There are 2 protein chains.
Amino acid sequence: MASAIGRASLKTWLISRHVDSAAKSLTSYIIHDTQFRKSSSGSYSDEGKSTSSWTLGRLTVAGGVAAGFGLLYGWSREHEGVQAATVEEGVFVKGLPNYSLDEVSKHSTESSAWMTYKRGVYDVTEFIKHHPGGKTIMLGVGGAADPFWHLYAVHKEPHVLKLLSQYRIGNLEEDDVEHQTKNMDDPYANEPKRHPALKPTSQKPFNAEPPAALLVANFHTPNELFYVRNHLPVPEVDEKDYSLTLEGEGVKTLTLTLDELKKKFPKYKLSAAIQCAGNRRSELSKFEGLDLDATGSPYGASVPAERALDPKSEVLLAYEMNGEPLSRDHGFPVRVIIPGVVGARSVKWLSNIILSKEESTSHWQQNDYKGFCPSVDWDTVDFKSAPAIQELPVMSLICEPGNGWRVKAKDGKIAVKGYAWSGGGRKIVRVDVTGDQGKTWHVAKLQQEDKKHGRHWAWTLWTVEIPVDPKGKQTEIWAKAVDSSYNTQPESSAHIWNLRGVLSNAYHKVIVNLIQ
Amino acid sequence: MASAIGRASLKTWLISRHVDSAAKSLTSYIIHDTQFRKSSSGSYSDEGKSTSSWTLGRLTVAGGVAAGFGLLYGWSREHEGVQAATVEEGVFVKGLPNYSLDEVSKHSTESSAWMTYKRGVYDVTEFIKHHPGGKTIMLGVGGAADPFWHLYAVHKEPHVLKLLSQYRIGNLEEDDVEHQTKNMDDPYANEPKRHPALKPTSQKPFNAEPPAALLVANFHTPNELFYVRNHLPVPEVDEKDYSLTLEGEGVKTLTLTLDELKKKFPKYKLSAAIQCAGNRRSELSKFEGLDLDATGSPYGASVPAERALDPKSEVLLAYEMNGEPLSRDHGFPVRVIIPGVVGARSVKWLSNIILSKEESTSHWQQNDYKGFCPSVDWDTVDFKSAPAIQELPVMSLICEPGNGWRVKAKDGKIAVKGYAWSGGGRKIVRVDVTGDQGKTWHVAKLQQEDKKHGRHWAWTLWTVEIPVDPKGKQTEIWAKAVDSSYNTQPESSAHIWNLRGVLSNAYHKVIVNLIQ
């Protein structure tokens, strides 16, 4: 249960400005992003620079990082298979030419792109088109990759270092190394303490989820066990210094302190499940390569103004979660909650809301969180060809028993538990579960909020007992959900694979061992 | 393009009444159905009886029959495989006991259910639970099935007559036969003329669709080729006598003539695709038995008030279609258009709109147009357990080439055309097509309306060229669509089969022969 400043009030503000202005239509107003200005790390390279705009009426909220709230999440396991290696990249290599930083800085274009890492100088011109993060690599060329990699530690994986070594052309002059790495305090030095039940898949930035079986223990997830999905270090914000700016085309700029936010607007509560677009990514078995990008830019996101301004959308500026102030990991002091929409738009550590005619140019809005045809790869992808993910498709997960569990049948049956959810407030109307590859399906009992209107933001927990072969050693369990538009899940990931590893909503399948 | 009385005006009427009343919330208002009172046939057995109510704020519109408008449709082929037979049922059978109509009328309960057909007397008690239309069979017990079967000629199929013969217990006394069948003028005597390109799957009531290849010839389907889905005979309405009644709890009753409808409200146009829930039913291969029910009741349907009263829903009272007055088959003089929702709610020959707290009790609202788990059959189905279909899931169809066509590749490729659509105004964002079982997918070029907001009521036409094996004799083509919520289609019908044969939205697949 999130307590928050009423979205009605936010909308009143926007709408009253709209009415004051000469605009003909609400959709000509948009909110776009700017970066969070109160980072503790000071590592934001373009602090103070507004990272603007889009096409068409959209609401963009910005600050730090989008992440979870309601409960759902399952971060990628794609790095688990990587073996520890002994690649020591960036050391001085005898016999290679020396280059000064000044010389490196002359190669900062797509036709000649050099960069340094520790003592190494690299010509990455040929690599630009292969970079998983696209042209964001250009932010680093002509200088040192070190500060970016410090922020996105995933680059320090052995396979990335090995890849880099192919482009080595020289050594950086020794005096220049110090210049490149000074003032490089660890931006992750002030991360909050996390609950040990959160299993990290990435430490810097921090990404973690609780074991699935914990998720079905309660309808509302305890704050400490709520999944964390960060793209950058967690900012340290002093609430006395905090202010939120609302601005945009045709509207008068408004700045509110945390106290004003709490006192001037009615408090509103709702239950909502938040799901990352990358939930169940590990099941997209073709997935490979890096999935985090080194832009150095602040996080920003956009949502259509039509959704943000519709009272039925119940958009919140949240300062509490389950009755407690937001924790640092979840966006202290204020985050946005856009229920029914991918978690990436529910921006944490909110600093600005900007009404704009164009969509955010942020990397996360334009070149991430989009779906593509299974045959599109990094050589052929055109990010402009796909819309940014807003509502997510219907999905379900088996939480208990987990894959590989040993289970004893009772009266020939085993109990299965899980969750299901659909975007856009669509209610889960049925969950079917099978233990025999779909020869027979069993309808699960649903636990969900009793909403009379069509805005089911919270998830649905479900339980079912399915018969198993009394002599069997194993059984494979499948689950699929149906939402109120009668959309259902694809049977397998074979034809929904996509290069960003998002939208993994095939039937969930687990294999359990039966104890006789 | 449908020209119509502005939905805004309709809503104004409803909302202003709402504001006048003491009601607290719009969702406490509902419209429910009544039957159309101006049938030419006079065959409606319960003429004048209001068939009411529901749970929760919903808008119910009523009149005759729901059917198509925008374009999409593909009626079942399930009767095609039935061989012509020589079953002559209902004739006098020597050696069986004689029963009077008076005696038959004493057996009109579920514990003893008799009925007559021509000279035959049948004890159908055991059959009640197997009747595809459920307990609607009770309308006919204790008397003659003849008038119901006259209305629903599908019962006169050889396999139905053969089934009936199993329950034969006697002969109806000769004098009573005349009594049973007098006044049985053919209720279908005054049906309109139809275009020969419409391929009927049922004549009484009339159900027909054009060949799929005609559908992709134009973005808007010509009226004459627009699919027809009727549940009853087409009423003959004199527009001078026509009136529409708007009534309900807490609102003042309003009656409007056709002229008043046209003059008092602004004209509003929109493009919308209308799709029957049973589109592509023939692909649900487990489907069997009758799919039409003999209730004798007028058609009625409900939609949630929240949708009907939301200006964004663009609900229309339509009196024109593609710039011409509605034809009799499409609802002359007035029908409802509820874009983004299953065709069954876009009621034709509209007579009443009733705001009500409860959902329509009509057979078509309660016991049809609902989806169930694949393992639910007629013995286990609980119609109350599933919500009435409103929005439909994402779907696509390959229109050209058709199944079995002979096609010559050009430069190693063949052209494929089709349509795609999703319920709730969700835009089609991508259509993927494969000619090699999904090893490689090709993204189709889309033709769609350029709507800035999220209300894509019209369908999307698509074209793509796919490579084929230069030495191959056949190729199997699959298509799948993705909508703006990134929902996609299930791969096959295996796990979406349901006893009503609705919601058939698996990948569409056709096999074509390649000419060398």
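The values are calculated or read from the model by the stated rules, or taken from the named source; none is laboratory data. Note that the structure is predicted; figures quoted are calculated from it, not measured. Positions of Cβ are backbone-derived with ideal geometry, glycine not excepted, and every protein chain shown enters the neighbour counts.
Listed here are the residues, each with its yes/no results for (1) polar (S, T, N, Q); (2) more than 14 Å from every other protein chain (Cβ to nearest Cβ); (3) free of Cβ contacts under 8 Å to residues at least 24 places away in the same chain; (4) not in a loop (DSSP other than H, G, I, E, B).
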residue: A:N403; (1), (2), (3), (4): yes, yes, no, no
residue: A:G424; (1), (2), (3), (4): no, no, no, yes
residue: A:D450; (1), (2), (3), (4): no, no, yes, no
residue: A:W462; (1), (2), (3), (4): no, no, no, yes
residue: A:P470; (1), (2), (3), (4): no, yes, no, no
residue: A:A481; (1), (2), (3), (4): no, no, no, yes
residue: A:S504; (1), (2), (3), (4): yes, no, no, no
residue: A:V510; (1), (2), (3), (4): no, yes, no, yes
What is the number of the single condition among (1) in contact (Cβ under 8 Å) with a residue 60 or more places away in the chain; (2) under 18 Å from B:N513 (Cα atoms); (3) acidic (D, E) that B:D436 does not meet?
-> (1)
Extreme residue, surrounded by the fewest Cβ atoms within 10 Å (Cβ to Cβ), among residues of segment B:118-145 that are closer than 15 Å to B:R168 by Cα and of a type in the set (D, E, K, R) = B:E126
Count of residues meeting criterion [closer than 26 Å to A:L232 by Cα and either more than 21 Å from the chain's Cα centre (by Cα) or among the β-branched types (V, I, T) (or both)] in segment A:364-376 = 0
Residues within segment A:94-117 that are surrounded by fewer than 19 Cβ atoms within 10 Å (Cβ to Cβ) and either of a type in the set (G, A, S) or at positive phi (or both), tallied | 6
Could you list, in sequence order, the residues of segment A:212-243 that are aliphatic (A, V, I, L, M) and either touching a Gly at 6+ places or on another chain (Cβ under 7 Å) or surrounded by 21 or more Cβ atoms within 10 Å (Cβ to Cβ) (or both)?
-> A:A212, A:A213, A:L215, A:V216, A:V228, A:L232, A:V234, A:V237
Only one of A:G418, A:G435, A:G412 is over 22 Å from A:T460 (Cβ atoms), at pLDDT 95 or above and more than 10 Å from chain B (Cβ to nearest Cβ), namely A:G412
Flag for A:F226 being farther than 30 Å from A:D186 by Cα and at pLDDT 85 or above = no
Evaluate the following for B:L215: is it of a type in the set (A, V, I, L, M) and at pLDDT 90 or above?
-> no
Out of all the residues in segment B:352-379, which are of a type in the set (S, T, N, Q) and more than 10 Å from every other protein chain (Cβ to nearest Cβ)?
-> B:N352, B:S356, B:S360, B:T361, B:S362, B:Q365, B:Q366, B:N367
Residues being more than 12 Å from chain B (Cβ to nearest Cβ) and within 18 Å of the chain's Cα centre (by Cα) - total across segment A:301-314 | 2
Out of B:K348, B:K417, report the one residue that is touching a Ser or Thr at 6+ places or on another chain (Cβ under 7 Å) and not aromatic (F, W, Y).
-> B:K417
Only one of (1) more than 9 Å from chain B (Cβ to nearest Cβ); (2) surrounded by fewer than 21 Cβ atoms within 10 Å (Cβ to Cβ); (3) part of a loop (DSSP other than H, G, I, E, B) fails for A:E476. Which number is that?
-> (3)
Examine segment A:191-203 for a residue that is surrounded by 21 or more Cβ atoms within 10 Å (Cβ to Cβ) and under 30 Å from A:E359 (Cα atoms), and state whether such a residue exists.
-> no
Would it be correct to say that A:S492 is closer than 25 Å to A:P304 by Cα and within 11 Å of chain B (Cβ to nearest Cβ)?
-> no
Search result, residues across segment A:318-333 that are hydrophobic (A, V, I, L, M, F, W, C) and surrounded by fewer than 24 Cβ atoms within 10 Å (Cβ to Cβ) | A:L326, A:F332
Among the residues listed as A:I477, A:I428, A:I496, the single one being out of contact with any Leu (no Cβ under 9 Å at 6 or more places or on another chain), at negative phi and of a type outside the set (K, R) | A:I477
Would you be able to tell me the number of residues in segment A:209-242 that are small (G, A, S) and either in contact (Cβ under 8 Å) with a residue 24 or more places away in the chain or not assigned by TED's automatic domain parsing to the domain that holds A:E358 (or both)?
-> 2
Out of the residues in segment A:380-394 that are touching a residue at least 60 places away in the same chain (Cβ under 8 Å) and more than 10 Å from chain B (Cβ to nearest Cβ), which is surrounded by the fewest Cβ atoms within 10 Å (Cβ to Cβ)?
-> A:F383
All conditions in (1) buried (at least 24 other Cβ atoms within 10 Å of the Cβ); (2) in contact with a His (Cβ under 8 Å, 6 or more places away or on another chain) are true of B:G438 except (1)
